[in-house]
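Inspection log for the structure reproduced underneath, given as structure tokens.
The values are calculated or read from the model by the stated rules, or taken from the named source; none is laboratory data. Here the structure is a predicted model, which means the values were calculated and not measured. Cβ atoms come from the backbone with ideal geometry, glycine included; neighbour counts cover every protein chain shown. When the accessible area is computed, the model is the full protein with side chains, heavy atoms only, and any ligands, DNA or RNA have been set aside. Shrake-Rupley method; radii C 1.70, N 1.55, O 1.52, S 1.80 Å.
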There are 2 protein chains.
Amino acid sequence: MESTTRIFKALSEPIRLRIVNLLLRGERCVCDLMEVLTMPQSTISRHLAYMKNAGLVKGRRRGVWMYYRLAVGNSGLHEKLLTILASWLPQTVEAKSDLKRLASLLRHKDSSSCQTNYPEKEL
Amino acid sequence: MESTTRIFKALSEPIRLRIVNLLLRGERCVCDLMEVLTMPQSTISRHLAYMKNAGLVKGRRRGVWMYYRLAVGNSGLHEKLLTILASWLPQTVEAKSDLKRLASLLRHKDSSSCQTNYPEKEL
DNA sequence: TCTACTTATCCGCATATGCGGATAAAAGCA
DNA sequence: TGCTTTTATCCGCATATGCGGATAAGTAGA
């Protein structure tokens, strides 16, 4: 029950729900997240640390970049939560506008900056 | 999104999840909740006020007693949350023991004290 | 109205957490 | 090693929230 309330806490800030929304489309590095969400890097990293501690996301280092992705649900509740978030989040105005900004960012990004090896889901 | 994070916050304390669990079986007055959860009345009332403010529960006064019940989900997400909580909560040890204590309380309760008019779900 | 019972709110206190600038740490490259 | 880039953590500060005893408010009955 404690681990469940930690997940709920991790979902209790709008900015963190927006991060979840972005990670639903694949892993992202901190620099992309801060650009899309237009928040200072320390703020983004702090939220990611909080979500990681709650078991909501996982991080993978690749060179200087840290890529974060959603952790697969390790309990029935966690898994179902991700499912309903995946169906609900994209309807929200914040999510839609973030995804637009992300798509534009990926289009114009310098190819020498952070890239993911993983196939992206459609934006 | 703001209203959603308020619901998540309302679900972010173990004691509040235990209240949700009890309310899944029907409405309950504050005095029953404080007895089952063995917490002081001010603590129970404070949590109920928080949950009510988040739209998670509703209160109904009947004489001196206040009966609280789960609010029906007014958004798709809210509704789905209640559904998965209803399937997950009863599996937890805390929920099981609370339901036992509730059943025993209802058995031995003085019939002159608070009663509900609504049919109870099976304990 | 006075009293008893139930619940809501207030109070002081402690902790958790948010913010964002500043600084430290990690990694890669020359 | 020294420099650059990216990310993590630290810092001081402000706010939110938890706790439970004390008190206020609401209700019913004598």
Item to check | Those residues of segment A:59-102 which are under 14 Å from A:R16 (Cα atoms) and within 16 Å of DNA strand C (Cβ to nearest atom), in sequence order | outcome: A:Y68, A:E94, A:D98
Checklist entry - If we keep just the residues of segment B:64-87 that are within 16 Å of DNA strand D (Cβ to nearest atom) and either in contact (Cβ under 8 Å) with a residue 60 or more places away in the chain or in a strand (DSSP E or B) (or both), which is farthest from the other protein chains (Cβ to nearest Cβ)? => result B:W65
Checklist outcome for this item: Looking across segment A:20-55 at residues that are assigned to a helix (DSSP H, G or I) and under 16 Å from A:K100 (Cβ atoms), the single one that is farthest from the chain's Cα centre (by Cα) is A:E35
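Here's the yes/no breakdown for (1) open to solvent by 20 Å² or more (accessible area, probe 1.4 Å); (2) away from every other protein chain (no Cβ under 14 Å); (3) in contact with an Asp or Glu (Cβ under 8 Å, 6 or more places away or on another chain):
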{"position": "A:R18", "(1), (2), (3)": "yes, no, yes"}
{"position": "A:R28", "(1), (2), (3)": "no, yes, no"}
{"position": "A:P40", "(1), (2), (3)": "yes, yes, no"}
{"position": "A:K52", "(1), (2), (3)": "yes, yes, no"}
{"position": "A:R62", "(1), (2), (3)": "yes, yes, no"}
